[in-house]
Amino acid sequence: MKFLDEQFQELEEELKLTDKSKVQLKRKILQNINTNEKRSRKYYSWVAAAVCLIVIVTSPIYSPTMASLAEKILPISITPSYSDGQYNPSLVSQLSDLVEKEGYSINFLGITPSPYTIEISLILKDSTLKQAINDLEPKIESYLYENGYDQYELKITEGKEAAPNDNTETDETYDKVREIVKEVFASYGYAKEADYELAGLKETWFSNIVTIDMPDHIQEADEIIADIEKEIESQKLNVKGTEVTTFNLKHRLQDYRWGYVASDIYEAMAGKSTYQLTGLSYSVKKGHAYVSLKTNFDQPPSQILIEEIELVINEYFALPETIETIEDDKYTIKFLLKNGESFIKITN
């Protein structure tokens with residue numbers, strides 16, 4: 001980061017711009033980029049961005065090489081998990097689609113941080129592992145770099161096909177119990193609550209126990225449980241008892257939606273060396289949502305990078321989809337140094 005800061009200092013001296021002006025200038029250039037040309041190089045740093053800015057501003061005519069480089073700088077954006085009623089796939093989903101389109105069956109695909117690793121386990125039938133690696137590795141790496149990911153290590157292995165499911169009876173019992181719970185809750189006027197997963201099944205040696213999450217605002221809880229047990233008995237399901245746990249539905253729903261929001265922010269920057277993310281945590285306390293993004297920075301990065309992050313996060317929270325998701329929630333977003341101190345704090 002010291003090298004980057006020195007480059008930005010040179011940029012400031014060359015252009016005589018304030019930090020705010022540099023952010024606005026860079027955003028304007030990036031937003032006006034309109035090209036479908038794919039990357040021919042694997043990594044373009046903010047240093048390259050600074051050089052492009054100097055050339056573009058100080059020279060009325062600049063070389064095709066520099067123009068091409070400027071076109072390949074990818075601006076960051078944060079995409080809501082749900083947009084126009086459609087789910088926007090995560091990187092895991094995108095990579096799964098890519099692998100399956102190449103004709104391979106996936107046993108497991110996962111991403112882990114610190115160090116960033118993408119592990120893909122394949123079920124191989126008509127090819128060897130070496131063939132699969134030679135086929136998939138360049139395609140996946142190209143996809144990652146085209147989308148700005150430059151920190152991931154790729155591991156492709158061979159996995160075993162999952163054994164046939166021998167819990168068919170238990171699965172059928174659970175499906176029937178879940179339907180009973182939904183119908184009984186709805187019959188008492190709690191159809192909205194019934195849309196959430198309120199039933200579970202705990203296996204025992206000789207039978208099963210139904211676990212039910214009961215929203216604590218429901219006054220007819222005893223009657224609802226009695227009706228559920230009566231219906232389970234009438235259908236002669238393999239169930240010997242019921243366990244009930246109460247919870248605050250409003251808090252749980254707020255926790256759910258902030259799980260999506262926190263993931264949106266994290267996934268936009270994870271695996272990209274510019275942002276040095278190493279982890280994510282979030283919590284909801286007394287109606288206030290707290291999101292912390294951990295980084296590998298020992299000291300705060302350049303002011304231009306800080307303002308860029310703040311800008312895209314504020315743009316994200318201004319989107320209609322995000323506004324609808326978070327409702328009237330109060331929130332605090334923090335980016336943390338290695339030692340836990342925050343260098344960015346955004347709150348409403």
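A short reminder: the numbers here are calculations on the coordinates, not readings from a lab. Being a predicted model, the structure only gives us computed values, none of them experimental. Neighbour counts are summed over all protein chains in view; Cβ atoms, including those assigned to glycine, are modelled from backbone coordinates with ideal geometry.
Treating the stretch 122-262 as a set of equal point scatterers at the Cα positions, no solvent, please give the Debye-formula log₁₀ I(q)/I(0) at q = 0.14, 0.21 Å⁻¹.
The Cα Debye sum returns log10 ratios of -0.79, -1.22.
When only C-alpha pairs under 8 Å and at least 6 residues apart count, what is the relative contact order of the stretch 251-347, in percent?
Values: 131 pairs, mean separation 26.7, N = 97.
It rounds to 28 percent for the stretch 251-347.
When the convex hull of the Cα atoms of the stretch 168-209 is projected onto a plane and the area is averaged over all directions, what value comes out in nm²?
Working: hull surface 12.0 nm².
One quarter of the hull surface, i.e. the mean projection, equals 3.0 nm².
Report the semi-axes of the equivalent ellipsoid for the stretch 249-348 in whole Å, largest first, where each axis is √(5λ) for an eigenvalue λ of the Cα gyration tensor.
Values: eigenvalues 109, 42, 27 Å².
The equivalent ellipsoid of the stretch 249-348 has semi-axes of 23, 14, 12 Å.
Given points 7 Å out from each Cα along the Cα-Cβ axis, report the GLU327 to THR204 separation in nanometres with one decimal.
3.7
For the stretch 184-340, what size does the Cα cloud have along each of its three principal axes, sorted from largest down, in whole Å?
Computed over the Cα atoms, the extents are 67, 36, 22 Å.
List the pairs from LYS250/LYS294; LYS139/LYS272; LYS160/LYS272; LYS192/LYS230; LYS160/LYS202 whose alpha-carbon separation is above 30 Å, in the order I gave them.
Details: LYS250/LYS294 28 Å; LYS139/LYS272 18 Å; LYS160/LYS272 32 Å; LYS192/LYS230 22 Å; LYS160/LYS202 28 Å.
Listed pairs above 30 Å: LYS160/LYS272.
Sort GLU161, GLU229 so that the residue with the fewest other Cβ atoms within 10 Å of its own Cβ comes first and the one with the most comes last. All intermediate terms of the calculation are to be shown ahead of the outcome.
Details: GLU161 10, GLU229 17.
Starting with the residue having the fewest Cβ neighbours, the order is GLU161, GLU229.
For the stretch 289-348, what D do you get in µm² per second when you plug the Kirkwood radius from alpha-carbon pairs into Stokes-Einstein at 20 °C and 1.002 mPa s?
Values: Rh = 12.4 Å.
The estimated diffusion coefficient comes to 173 µm²/s.
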